[in-house]
Amino acid sequence: MSRTTTPVVAGWFTGGGDDFRLLGTRCRSCTSVFFPREDVHCRNPGCAGSELEEVPLSRRGRVWSYTDGRYRPPSPYVTDPELPWEPYALIAVELEAERMVVLGQAVPGVTVAELAVGMEVEVVSGVLHEDAETIWTTWQWRPTGVTA
Amino acid sequence: MAADGGDGVTGEVAVLGVGMHPWGKWGRGFVEYGVVAARAALADAGLDWREVDSIVGADTVRGGYPGYVAGATFAKALGWQGARVTSVYAACASGAQAIDTARGQILSGLADVVLVVGADAAPKGFFRPAGGDRPDDPDWLRFRILGATNPTYFGLYARRRMAVHGDTMEDFAQVKVKNSALGALNPYARYRKRVTVDEVAGSAVVADPLRLLDICATSDGGAAVVLCSMEFARRQGVAEPVRVRAVSTVTPRYPNTVLDLPDIATDSAVAVEPAGETFRASIARAAYEEAGIGPEDLSLAEVYDLSTALELQWYEDLGLCGEGEGAKLLREGATTLGGRVPVNTSGGLASFGEAVPAQAIAQVCELTWQLRGAAGDRQVEGARAGMTANQGLFGHGSAVVAVR
């Protein structure tokens with residue numbers, strides 16, 4: 001039986017390979033950018049805008065900070081309790097054009113020892129977890145110096 | 001409503017009584033902790049519960065139905081007596097908002113004497129969001145998509161400080177050393193053993209660079225205060241009560257450019273230039289302005305050391321030192337007992353662990369004991385003014401200024 005590939009959240013990212021991008025929205029009135037997306041009202045208190053258009057966010061940014069999770073996070077994070085916990089790194093990335101910081105997991109295999117504040121990273125498609133029917137996809141940050 | 005003395009109207013309320021249930025992992029219900037704290041505060045105030053006009057409860061989201069209606073839950077447990085009731089939720093700032101609610105009732109003349117209670121029974125391990133499939137809840141989403149626990153954010157802040165300000169792991173550990181030494185002197189603290197730098201360094205990494213002993217635990221506990229009008233205090237024969245002079249409960253300003261719990265991203269600053277100060281700094285500034293005092297006037301402060309690194313951040317946010325100088329202030333000994341401005345004389349969250357709705361009230365209990373000169377071995381000599389500060393999820397934060 002073939003499994004379906006489903007984004008862990010609908011509408012937050014699109015594409016694959018080199019075309020993978022995070023999706024935000026931009027207010028048509030004041031140009032404020034939102035991620036996670038705002039689709040109804042602009043959150044700039046000085047803007048009455050309510051028309052927001054979908055925009056892809058910059059593919060690349062620089063590490064604002066990073067950490068990792070040495071212990072298994074609680075539900076609703078999905079893990080297999082039968083398997084030993086494998087820590088992963090989390091990276092907060094500053095996007096220059098959008099002037100915002102976006103948090104995400106690092107690609108598997110990248111540890112905190114390989115990261116530094118200010119390092120360039122790019123967003124790539126990744127697998128959050130898999131079950132019998134579905135491959136749940138997400139975004140991940142990968143240092144641009146890494147070719148994997 | 002600054003206390004400028006111009007027309008004699010001060011906006012101050014009196015702290016007539018304070019009480020706590022010891023923090024720990026007791027395995028009982030939060031109502032019991034809250035009632036113990038409430039009775040202690042009433043006894044400290046010399047009041048019968050039936051003399052209280054109003055009760056304000058700080059909600060616990062872990063207590064189910066009775067927690068969501070904490071004010072009524074405590075009122076019923078203490079014995080229905082007809083008091084006005086309010087329940088408030090503001091994440092980690094719940095206790096301070098409960099105090100602010102009580103203050104507002106007193107200053108507006110709706111009540112003369114108000115009992116404020118917060119208590120929690122915390123689960124083992126990481127805090128987690130409510131169950132179910134709830135993609136409209138940012139707290140649920142950060143766990144579902146990223147597995148981002150609270151220590152994830154503490155780790156990000158700590159690493160950022162190391163990169164930007166040059167803080168070291170030993171600086172962070174020294175916060176724990178200081179707070180554990182103070183907690184050892186506090187009968188209400190959960191952890192009463194002094195901790196060394198080596199013990200911090202030897203504890204397990206939870207969220208790089210932070211280790212288990214850098215991060216506050218989750219605890220059971222309860223705290224209560226009895227607030228009243230200055231006139232009521234005088235009628236009770238308390239001529240010089242500890243007074244609450246300011247309660248800051250401000251929200252962030254757009255664009256909020258610090259990644260706050262439980263957010264996955266900051267606001268974008270592309271259309272609006274960010275304010276010159278962070279949300280945390282604005283919480284303290286609003287309290288200073290309301291109280292009509294500045295950082296140089298503080299005898300002590302109780303800040304929300306969810307992690308060791310965050311305590312250093314608070315030094316800067318409270319204006320006790322310049323940006324990036326938190327670790328230097330700690331190394332100079334300014335923030336320990338006997339220093340220029342002792343911070344977390346209670347032992348802080350490092351010694352208590354967090355009992356969310358009780359914690360901001362417990363901070364005010366410590367200020368009160370200090371300002372009364374009743375803090376025993378933890379006493380700050382000649383304490384005249386103190387500030388509490390905390391920050392919680394969803395844009396909540398608080399600072400309380402108390403003086404004597």
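Taken together, the values in this text are just the output of simple stated rules run on the coordinates, not laboratory data. Just so it is clear, the model here is predicted, and its values are computed rather than measured. In this analysis, Cβ positions are derived from the backbone assuming ideal geometry, glycine residues included, and neighbour counts consider all displayed protein chains.
Contact order, relative form, for the range B:50-131: 40 percent (alpha carbon pairs under 8 Å, 6 or more residues apart, mean separation divided by residue count). Once you mark the GluC sites (Glu not before Pro) that are in a DSSP loop and have at most 11 other Cβ atoms within 10 Å, what is the longest gap between them in chain A? The answer is A:1-81. With the simple spin-label model, which puts each label point 7 Å out from Cα in the Cβ direction, the residue A:97 to residue B:277 separation comes to 3.5 nm. Seen through its C-alpha gyration tensor, with square-root eigenvalues sorted a ≥ b ≥ c, chain B comes out rounded because a/c lies under 1.5.
For the segment A:103-110, counting C-beta atoms of other chains within 10 Å of every residue's C-beta and taking the mean gives 3.
For the cross-link pairs B:124/B:178; B:178/B:328; B:25/B:193, the ones whose C-alpha atoms lie over 18 Å apart are B:124/B:178. Sorting A:100, B:230, B:169, B:387 from the fewest to the most surrounding beta carbons within 10 angstrom yields B:230, B:169, A:100, B:387.
Between the range B:22-59 and the range B:266-295, the alpha-carbon centres lie 34 Å apart. Whole number please: convex hull volume per residue, Cα atoms of the range A:6-148, in Å³. Considering the Cα atoms of the range A:6-148, their hull volume per residue is 135 Å³. Here residue A:4 and residue B:325 are evaluated by their C-beta separation; at R0 = 56 Å the FRET efficiency comes out at 0.55. Identify all aspartates and glutamates with a Cα-Cα distance to residue B:176 below 17 Å; exclude those on the same chain that are fewer than 8 residues away in sequence. Residue B:176 reaches B:167, B:198, B:199, B:208, B:214, B:302, B:305, B:311, B:332, B:354.
The DSSP beta bridges internal to chain B are antiparallel in roughly 65% of cases. Both numbers refer to the Cα atoms of the range B:179-286; Rg and Dmax are 20.8, 58 Å.
May I ask what percent, to the nearest 5, of DSSP beta bridges between residues of the protein assembly as shown are antiparallel? Once the DSSP bridges in the protein assembly as shown are tallied, antiparallel ones form about 75 percent. From the Cα gyration tensor of the protein assembly as shown, with a ≥ b ≥ c the square roots of its eigenvalues, which class applies: rounded if a/c is under 1.5, or else prolate if a/b is larger than b/c, or else oblate? Taking the square roots of the gyration eigenvalues as a ≥ b ≥ c, the protein assembly as shown is prolate.
With 0.36 nm allotted per residue and the present C-alpha distance subtracted, the residue B:134-residue B:25 stretch has 36.3 nm of extension available.
In order along the range B:338-354, phi translates into HN-Hα couplings of x, x, 5, 8, x, 10, 6, 5, 5, x, x, 5, 4, 9, 9, x, 9 Hz, rounded to whole numbers, per the Karplus curve 6.51 cos²θ - 1.76 cosθ + 1.60 with θ = phi - 60° and x for Gly and Pro.
By the rule of a C-alpha distance below 16 Å, with chain neighbours fewer than 8 residues away ignored, the aspartates and glutamates paired with residue B:76 are B:32, B:48, B:51, B:53, B:59.
One decimal place: the segment residue B:124-residue B:77 gains 14.3 nm when fully extended, by the rule 0.36 nm per residue minus the C-alpha distance. Here the Karplus relation 6.51 cos²θ - 1.76 cosθ + 1.60, evaluated at θ = phi - 60°, turns the backbone of the range B:58-63 into coupling constants of 8, 6, 10, 7, 8, x Hz, with x for every Gly and Pro. Calculated on the alpha-carbon coordinates, the convex hull of the range B:138-237 measures out at 195 cubic angstrom per residue.
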